Amino acid sequence: MSGARAEKVIDEPLAVLERHFGHRAFLDGQEQVIEQIMSGKDGLVVMPTGGGKSLCYQLPALCFRGVTLVVSPLIALMKDQVDALVEKGIPATLINSSVPWEEQRARLDGMRTGEWKLVYVAPERFRADSFIRALEGVEVSLFAVDEAHCLSQWGHDFRPDYMRLGRSLEAIGRPQCVALTATATPMVRADILGVLALKDPFEVVSGFSRPNLSLTITAVDKVAQKFERLREIVAAHKTGIVYCATRKKVDLVSETLASWGVKVIAYHGGMSDAERAEAQDVFLARKADVAVATNAFGMGIDRSDVRFVAHFEVPGSIEAYYQEAGRAGRDGEASVCELLFNFADTRTQEFFIDGANPGGQTIRDIYRFLLDEADDDYEVHRSIDDIADGVGVRNGMAVGSALSTLARAGYIERFDIPGKRMRGTRIKRPEVSAMGLELDDRALEEKDARDREKLKAMVELCYARACRQQWILEYFGEKGASTCGTCDVCLDDHGDDREPTTQEDLIVRKALSGVARMSRKTSAGWSGKFGRGKIVQMLTGSRSQEILAAGLDQLTTYGILKAQGTGYVNSLFRSMLEAGLLRVETGEYPLMTLTDRGARVMAGKGNYRLRWPSTDGGGTPVELEDRGFDPQLYSALKDVRNRLAKAQSVPAYVIFNNRTLEGFARFQPVTAADALKVPGVGEAKVERYARPFLDCIADFRRSLPK
């Protein structure tokens, strides 16, 4: 032990662990992190939700002389942590905008006299030079940055106030610093290390695997189907969180659940601080079973019996999805996470991306408007909506993001207007014209592109037929992850993938060539122009009006997979998508194109394995009309399968797997002979199981309007 560390350390970790926290051993990953912190090193800790991140800085805080400052992004999160510590007899407090300045001063004085060991501080406190000066004379032994992904503009929850923490560290004498987060890609981790300028840091990335979580992604066409499925989830699992993309949807979903008799709370940014705090307290006290919330809810939520997390819409990134899903099953018990996926919901996320990424020209236009509207004191008392109307910006979020960019660059500052529920803007450098703004336009464009890449990855996960958890772990950089065995894909698909035969490879390369002919080749790679449906129709030689009108029958690849039939080719495309040869782009419509890997395979330069569609002896359902996938029929067929499986005490996939049910829902056979033409269906299964499914399809077809 070095002399400096010996002076700083006043207690030993294991003794503190048992005395204050009642444990005799650490959780996986904790001991390694705490040892590094106790040695005096800066560090970055990435540990999954429920892995015990908080203890990694709370325990050293009690072992060190002086006080530990904890930067935390949410008032409710701070309060929960402080309340839990105080209950254990640990001297902890918080400093944020909810605390009057005189009380803040008293707490700062208490830090100097040794009254507090842990003080949670909101990042915006570091805006004020007065706060930095008030820390003079305080012995800060450790500076812990919680939810550290918030300081990376490539992270999923960027908070501009986090960006000044590196400078603040220098201003208070550069104490030992540790940054902690639950989700961070390699790029985000590099950003955290750079912004905080950590010195010779250790870096611990604990396993992201959550084996107790069953991840499911369910395709739905209509809101009514979402509510039907949500009712089943709530009935089966009782306690949980439903995440919605917008405040409006939070209100709709919470009111609907309440009408079912569910004890529910709503939580979103349109509520006051007091209302949000009360809602969170009700949920944590187990006075409500379900929380319906936007993505801010749940940071640090420590309710161990959350048995499900449902996403009513697709999140904007894998990081956001996995962090939110990870709030289920924090007690280690089996829990379910289900995302109700409709591609149309990506438009909401694209709206958020547009709002978070105003271009350089938009920022300059907003600054020009502020200069024109400023009074003699260079102040502007106009709301976000007023500024948006004045500039002609449709997305009010873009105005807020532009103001944040201008404030970070030192051109403006925002301030509270007494008696009003809006903030004013003060121009700090009025001599600078709009054209004179020094903006990094390239960085702005890069962030916009990265945000769209994150959404694209989220959509790719939704379409993939690979193990959900394995896919996510590889996204976060964990190579060689094994399949989870509990997600919807693992439970459904028990077939093996393999390398292609020479004939199969030729078919795949033909399919990829067809995709290439219906895509754009750019310097950045391939870009989609058509959806999967039209591409499959072109490859199989469809004479539909939409194919002929678009001139797709003139392509050299038109009809080259006609012999394989639409059923086989549709299944092949699903397999190529999950193998990473194809990808789906976001936008108004889901457009399909090649990945870089797919382009290499098309050129005969790449190896690959696929889960090959069944041809049932070479036959394909060319004689059956492809009626399009019908989710309502598919749901009814799953109900039939579940009844049969329960009656025979066998797993559902033994009857028919999901791919076969999808074929039934698409081709809608009503006779045993027709059923044999659906890929994956053999005579034995038709004889043993088909009749209830065929009856279900017949009933469905009779119910359709004539």
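The values are calculated or read from the model by the stated rules, or taken from the named source; none is laboratory data. Just so it is clear, the model here is predicted, and its values are computed rather than measured. Please note: Cβ atoms are built from the backbone with ideal geometry, for glycine as well, and neighbour counts cover all protein chains shown.
Remarks
- Within region 326-342, the presence of a residue that is closer than 22 Å to I427 by Cβ, touching a residue at least 40 places away in the same chain (Cβ under 8 Å), touching a helix residue (DSSP H, G or I) at 6+ places or on another chain (Cβ under 6 Å) and not β-branched (V, I, T) is excluded.
- Yes/no for V489 being in contact with a Cys (Cβ under 9 Å, 6 or more places away or on another chain), in contact (Cβ under 8 Å) with a residue 24 or more places away in the chain and in a helix (DSSP H, G or I): yes
- All of E255, E313 fail the test of being surrounded by fewer than 23 Cβ atoms within 10 Å (Cβ to Cβ), without any contact (Cβ under 8 Å) to a residue 24 or more places away in the chain and of a type outside the set (S, T, Y), apart from E255.
- Residue check for S519: among the polar types (S, T, N, Q) and touching a Gly at 6+ places or on another chain (Cβ under 9 Å): yes
Yes/no matrix, rows are residues, columns are (1) under 24 Å from S527 (Cβ atoms); (2) surrounded by fewer than 17 Cβ atoms within 10 Å (Cβ to Cβ); (3) modelled with pLDDT under 80; (4) under 20 Å from the mean Cα position of the chain (by Cα):
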| residue | (1), (2), (3), (4) |
| --- | --- |
| E478 | no, yes, yes, yes |
| D488 | no, no, no, yes |
| L491 | no, no, yes, no |
| D497 | no, yes, yes, no |
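- Checking A563 against (1) free of Cβ contacts under 8 Å to residues at least 12 places away in the same chain; (2) assigned to a loop (DSSP other than H, G, I, E, B); (3) touching a Gly at 6+ places or on another chain (Cβ under 8 Å), the condition it does not meet: (3)
- Residue match in region 412-424 (condition: under 21 Å from L581 (Cα atoms) and either modelled with pLDDT of 90 or more or part of a loop (DSSP other than H, G, I, E, B) (or both)): no
- Enumeration of residues in region 344-368 that are of a type in the set (A, V, I, L, M, F, W, C) and either in contact with a Cys (Cβ under 7 Å, 6 or more places away or on another chain) or without any contact (Cβ under 8 Å) to a residue 40 or more places away in the chain (or both): A344
- Count of region 558-584 residues which are closer than 21 Å to L676 by Cβ, aliphatic (A, V, I, L, M) and surrounded by 20 or more Cβ atoms within 10 Å (Cβ to Cβ): 2
- V264 vs. criteria out of contact with any Gly (no Cβ under 8 Å at 6 or more places or on another chain) and surrounded by fewer than 24 Cβ atoms within 10 Å (Cβ to Cβ): yes
- If the condition is being part of a loop (DSSP other than H, G, I, E, B) and over 13 Å from I318 (Cβ atoms), then region 443-471 contributes R465, A466, C467.
- Among the residues of region 552-583, the ones that are touching a Lys or Arg at 6+ places or on another chain (Cβ under 8 Å), over 18 Å from R498 (Cα atoms) and not hydroxyl-bearing (S, T, Y) come to 8 in all.
- Scanning region 431-460 for residues that are farther than 15 Å from L591 by Cα, of a type outside the set (D, E) and within 15 Å of the chain's Cα centre (by Cα) yields R450, K454.
- Within region 647-676, the residues that satisfy the criterion of being assigned to a loop (DSSP other than H, G, I, E, B) and surrounded by fewer than 20 Cβ atoms within 10 Å (Cβ to Cβ) are S649, V650, P651, N657, V670, T671, L676.
- Output for region 516-554, where each listed residue is β-branched (V, I, T) and crowded, with 16+ Cβ neighbours inside 10 Å: I535, V536, T540, I547
- Filter pass, V178 being closer than 30 Å to R408 by Cα, modelled with pLDDT under 90 and crowded, with 19+ Cβ neighbours inside 10 Å: no
- Answer from V205, V250 - the residue that is within 20 Å of K454 (Cβ to Cβ) and surrounded by 15 or more Cβ atoms within 10 Å (Cβ to Cβ): V205
- Single condition T49 does not satisfy, out of (1) among the hydroxyl-bearing types (S, T, Y); (2) in a helix (DSSP H, G or I); (3) modelled with pLDDT under 85: (2)
- Count of residues meeting criterion [over 35 Å from the mean Cα position of the chain (by Cα) and within 23 Å of S272 (Cα to Cα)] in region 103-129: 2
- Sole residue being out of contact with any helix residue (DSSP H, G or I) (no Cβ under 9 Å at 6 or more places or on another chain), among the aliphatic types (A, V, I, L, M) and more than 16 Å from I75 (Cβ to Cβ), chosen from A258, A288: A258
- Residues within region 402-440 that are over 25 Å from R125 (Cα atoms), of a type in the set (D, E, K, R) and either surrounded by 13 or more Cβ atoms within 10 Å (Cβ to Cβ) or without any contact (Cβ under 8 Å) to a residue 24 or more places away in the chain (or both), tallied: 2
- Annotation note: Cβ proximity below 8 Å between a residue of region 459-480 that is among the small types (G, A, S) and a residue that is part of a helix (DSSP H, G or I) (sequence gap 6+ or interchain) occurs for A464/W471; A464/V489; A464/L577; A464/E578; A466/V489; A466/E578; G477/P186.
- Across region 566-599, the qualifying residues are those that are among the aromatic types (F, W, Y) and assigned to a helix (DSSP H, G or I), and the one among them that is nearest to F351 (Cα to Cα) is F573.
- Boolean, E115 is out of contact with any Lys or Arg (no Cβ under 6 Å at 6 or more places or on another chain) and modelled with pLDDT under 90: no
- Wholly within region 69-140, helices (runs of 4 or more DSSP H) carrying at least 2 residues that are surrounded by 21 or more Cβ atoms within 10 Å (Cβ to Cβ): 75-87
- Residue in region 233-242 that is part of a loop (DSSP other than H, G, I, E, B) and touching a helix residue (DSSP H, G or I) at 6+ places or on another chain (Cβ under 9 Å) present: no
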